[in-house]
Amino acid sequence: MSKIFIDACFGKETSYTPVWMMRQAGRYLPEYMQVREDAGSFLDLCHDPEKAAEVTIQPLDIVGVDAAILFSDILVIPDEMGMDLSFVKGEGPVFSDPVRTREDLDKLLGGEAAAQKLTYVYDTIKLLREKLDARGDDKALIGFTGAPWTLATYMIEGQGSKSYAISKKMMYSDPKLLHAILAKVTEVVKYYLQKQIEAGVDAVQIFDSWAAAIEPAKYDEFSWKYMVEIAEYIKEKFPHIPVILFPKGIAAFIECGSVYGNFDVFGVDWGTPMALAKEKLGEKYVLQGNMEPCRLYSKEATTECVEALQKIMGGKRHIFNLGHGILPDVPVENAKHFVSECHRVSGKR
Ligand code: CP3
């Protein structure tokens, strides 16, 4: 069966505009919290294909989105490259041994050998493929990765950061080392996405969540070109698999006309006016996005935005989504309202 989300990614006409939400499998769902508790920790859940598959599917049934996104985390890559990942309550992800020197980098596993260690991800995908095929509906499965830059910030800082000062000190004072880190991560990501596709995902998204930490004049050199390199690798091998790039917070880079590359869908963050994205990118790429996630706290604010987006995009070359991830305290009912409003305004019967 042709999948509406995949058709939309390729800019084909669809009977309505599909919708999904970044971070849709997560803590705002009581059903997720239950499975996570049964699993033990968040990482235990990522490592358990049966349970990870279950929470991947939850938003399809509970909120009615048109695509599932694999349940995992972007940070499983550095973890399997040999960095020790843990999630500290109240602090988020932590790597105890950050990468600050060439020696630190050389110690890490790279290439296909590192990607090969992520077997639990591929097992989750294989299970999901079976479950989704058995449902017989047209819901797509999205695989994902972090962008090399976003992954590198966690590897270098050792945790989330407000200033990214250690990574940016490296950018300006030892760019060769930063490029070596980015190149090593890029190689792993290529194999990782390839293996996700071979295991059965229908599309892939690259999250560059911390793109905005880089000044526009340096964004291509330290992030975008690596994302494009990964996209080109995937498009050459798997032209039928849509590639979605989501760089968060780069309106200035878009405005300058600097976006290029062989990929299918551009994920528009909530700080970028959709009309600007359409003007600059809409002919070349299908656009995904971009409601401010906090609008989900109000049904009225949600409807207002969905209607405005529909007016700008007119149901063409568009996929509804948030402009970043859903927050954990959003009422489930409001998430359902967002999805049904996207379907209503775009004419789903
Ligand atoms: O539903 C989905 O989107 C699929 C699952 C998914 C998770 N993380 C699950 C998760 C995806 C696609 C991600 C990507 C991810 N992880 C990103 C990029 C997307 C974005 O939001 O910008 C980033 C930057 C991370 C790193 C990360 N993982 C952080 C900073 C945190 C802690 C902050 C937080 O939200 O608690 C995580 C943990 C994480 N990843 C959770 C989930 C559901 C929360 C863990 C839990 O307590 O259950």
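The values are calculated or read from the model by the stated rules, or taken from the named source; none is laboratory data. Computed from a prediction, not measured in an experiment: that's the story for all the values here. For neighbour counting, all protein chains shown are included, and Cβ atoms are generated from backbone atoms with ideal geometry for every residue, glycine included.
Restricted to helices (runs of 4 or more DSSP H) entirely inside the range 21-115, those with at least 1 residues that are β-branched (Val, Ile, Thr) are 30-39, 49-62, 76-80. If Ala308 satisfies all but one of (1) in contact with a His (Cβ under 9 Å, 6 or more places away or on another chain); (2) surrounded by fewer than 19 Cβ atoms within 10 Å (Cβ to Cβ), what's the number of the condition it fails? Tallying (1) in contact with a His (Cβ under 9 Å, 6 or more places away or on another chain); (2) surrounded by fewer than 19 Cβ atoms within 10 Å (Cβ to Cβ), Ala308 fails exactly one: (1). Screening Gly325 against (1) part of a loop (DSSP other than H, G, I, E, B); (2) out of contact with any Pro (no Cβ under 9 Å at 6 or more places or on another chain); (3) closer than 23 Å to Ala67 by Cα leaves a single unmet condition, (2). In a residue-by-residue description of the range 90-99, the property of being near the ligand (Cβ under 9 Å from one of its atoms) and surrounded by 17 or more Cβ atoms within 10 Å (Cβ to Cβ) applies to at least one position. None of Thr150, Thr119 is within 21 Å of the chain's Cα centre (by Cα), under 23 Å from Val185 (Cβ atoms) and either buried (at least 19 other Cβ atoms within 10 Å of the Cβ) or of a type outside the set (S, T, N, Q) (or both) except Thr150. The residue of the range 209-225 that is farthest from Gly11 (Cα to Cα), among those that are assigned to a helix (DSSP H, G or I) and within 16 Å of the ligand (Cβ to nearest atom), is Ala213.
Looking at the structure I just gave you, is Ala212 touching a Gly at 6+ places or on another chain (Cβ under 9 Å), over 30 Å from Lys139 (Cβ atoms) and not aromatic (Phe, Trp, Tyr)? Yes; evaluated as a whole, the condition is true for this residue.
Among the conditions (1) more than 21 Å from the chain's Cα centre (by Cα); (2) surrounded by 19 or more Cβ atoms within 10 Å (Cβ to Cβ), the only one that Glu37 does not satisfy is (2). Yes or no: the range 99-106 includes at least one residue that is touching a helix residue (DSSP H, G or I) at 6+ places or on another chain (Cβ under 7 Å) and free of Cβ contacts under 8 Å to residues at least 60 places away in the same chain. Within the range 99-106 (the criterion being touching a helix residue (DSSP H, G or I) at 6+ places or on another chain (Cβ under 7 Å) and free of Cβ contacts under 8 Å to residues at least 60 places away in the same chain), the answer is no, since none of the residues qualifies. Taking the range 1-20 as the range and being within 15 Å of Asn321 (Cα to Cα), away from the ligand (no atom under 11 Å from the Cβ) and part of a loop (DSSP other than H, G, I, E, B) as the test, the residues that pass are Tyr16, Thr17, Pro18. From the list Lys248, Lys225, Lys184, Lys237, the one residue that fits, being among the charged types (D, E, K, R), at negative phi and crowded, with 23+ Cβ neighbours inside 10 Å, is Lys248.
Table: residues versus (1) over 25 Å from Ala180 (Cβ atoms); (2) assigned to a loop (DSSP other than H, G, I, E, B); (3) within 14 Å of the ligand (Cβ to nearest atom).
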position	(1), (2), (3)
Phe207	no, no, yes
Leu245	no, no, yes
Val259	yes, yes, no
Phe263	no, yes, no
Asp269	yes, yes, yes
Ala277	yes, no, no
Ala301	yes, no, no
Val306	yes, no, no
Leu309	yes, no, no
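On the basis of being part of a loop (DSSP other than H, G, I, E, B), in contact (Cβ under 8 Å) with a residue 40 or more places away in the chain and more than 29 Å from Leu60 (Cα to Cα), does Met155 make the cut? Considered against the rule, which asks whether it is part of a loop (DSSP other than H, G, I, E, B), in contact (Cβ under 8 Å) with a residue 40 or more places away in the chain and more than 29 Å from Leu60 (Cα to Cα), Met155 comes out as no.
Can you spot a residue in the range 280-301 that is on the phi > 0 side of the Ramachandran plot and in contact (Cβ under 8 Å) with a residue 12 or more places away in the chain? Looking through the range 280-301, at least one residue is on the phi > 0 side of the Ramachandran plot and in contact (Cβ under 8 Å) with a residue 12 or more places away in the chain.
For beta carbons closer than 9 Å, sequence separation of 6+ or different chains, a first residue in the range 36-59 that is within 11 Å of the ligand (Cβ to nearest atom) and a second that is polar (S, T, N, Q) and assigned to a loop (DSSP other than H, G, I, E, B), the qualifying pairs are Cys46/Ser72; Ala52/Ser72; Thr56/Ser72; Gln58/Gln24; Pro59/Gln24.
Cβ separations smaller than 9 Å between residues 6+ apart or across chains give no pair from the range 314-333 residues that are more than 25 Å from Ala8 (Cβ to Cβ) and basic (Lys, Arg) to residues that are at pLDDT below 95 and within 16 Å of the ligand (Cβ to nearest atom).
For the range 249-256, the criterion of being closer than 22 Å to Leu141 by Cα, assigned to a loop (DSSP other than H, G, I, E, B) and in contact (Cβ under 8 Å) with a residue 12 or more places away in the chain is met by no residue.
Checking each residue in the range 215-238 for being under 29 Å from Lys139 (Cβ atoms) and in contact with a Phe, Trp or Tyr (Cβ under 6 Å, 6 or more places away or on another chain) picks out only Ala231.
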